[in-house]
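Data block below; observations after.
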Amino acid sequence: MTKQWIDITQPLNQRIAEWPGDTPFAYEVAVSKEQSGSVNIGKLTMSTHIGTHTDAPFHYDDGGLKILDLPVDLYIGKACLVDVTGVSCVTRADLEAFDFDGAERLLVKTGSHPTPTKFPENFTVIGEDVGPLLKERGVRLIGVDTPSVDSETSKDLLGHHSLYRNDVIIIENLVLHSLEVGNYELIALPLALEDADGSPVRAVVRRLQS
């Protein structure tokens, strides 16, 4: 029997919290069926970094890769979920105890952003020493349940740059609270936005046999 897919995406709606100062999400029916005579046509206004999304390196590096430069297979395949709830900054030491060898994608459950409609005052970040560990373990993508791998006030973005130096791409704002520790199959495809610094993703997982 095929295991059920679980949606781990924040739904995009008018209530979702944006990064402070960023473009909020808005949807409207720009042309109604009554007006067109045949169809409703919607219009979106949003940041590329609202809700569940992936960062292209161009987001934090002017010379970095853009969304369409990234290989699509990054976003499809085996992922290992670890739980570090209660940690304010995830370090190499926090992750070394977990066995995620063989998984090219690491999902980090922190529990520090439980309400998508409210931007958190504080949330767990990823330490600068995590990037090298992930490269050693063969991890190419990290997914977190927080708005960023760095704090809201950070300007040097040590977590982002450390991950990029070690060839690790980032997904942020995943919904992980209902998932147990273990191995999953992940699909989290971005839109084919050629020159973009980021993209929303529709992220789903299903549990793999241990």
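The values are calculated or read from the model by the stated rules, or taken from the named source; none is laboratory data. Just so it is clear, the structure is predicted and the values come from calculations on it, not from any experiment. Neighbour counts are summed over all protein chains in view; Cβ atoms, including those assigned to glycine, are modelled from backbone coordinates with ideal geometry.
Quick notes on this structure:
- The set of residues in region 141-161 being farther than 15 Å from V90 by Cβ and surrounded by fewer than 21 Cβ atoms within 10 Å (Cβ to Cβ) consists of E152, T153, K155, D156, L157, H161.
- Yes/no for T52 being surrounded by 15 or more Cβ atoms within 10 Å (Cβ to Cβ), within 19 Å of R206 (Cα to Cα) and in contact with a strand residue (DSSP E or B) (Cβ under 7 Å, 6 or more places away or on another chain): yes
- Any hit, region 117-124, residues being exposed (fewer than 14 other Cβ atoms within 10 Å of the Cβ), touching a residue at least 60 places away in the same chain (Cβ under 8 Å), of a type in the set (V, I, T) and closer than 21 Å to W19 by Cβ: yes
- Listing of strands (runs of 3 or more DSSP E) fully contained in region 1-108 that carry 3 or more residues being among the aliphatic types (A, V, I, L, M) and modelled with pLDDT of 95 or more: 26-31, 76-83
- Taken together, V181, V144, V201, V168 contain a single residue that is at pLDDT 95 or above and over 23 Å from D61 (Cα atoms), which is V181.
- Matching residues in region 18-54 - criterion: being within 22 Å of K118 (Cβ to Cβ) and within 15 Å of the chain's Cα centre (by Cα): E18, W19, S47, T48, H49, I50, G51, T52, H53
- In region 162-204, the residue that is surrounded by the most Cβ atoms within 10 Å (Cβ to Cβ) out of those that are out of contact with any Pro (no Cβ under 9 Å at 6 or more places or on another chain), assigned to a loop (DSSP other than H, G, I, E, B) and β-branched (V, I, T) is V168.
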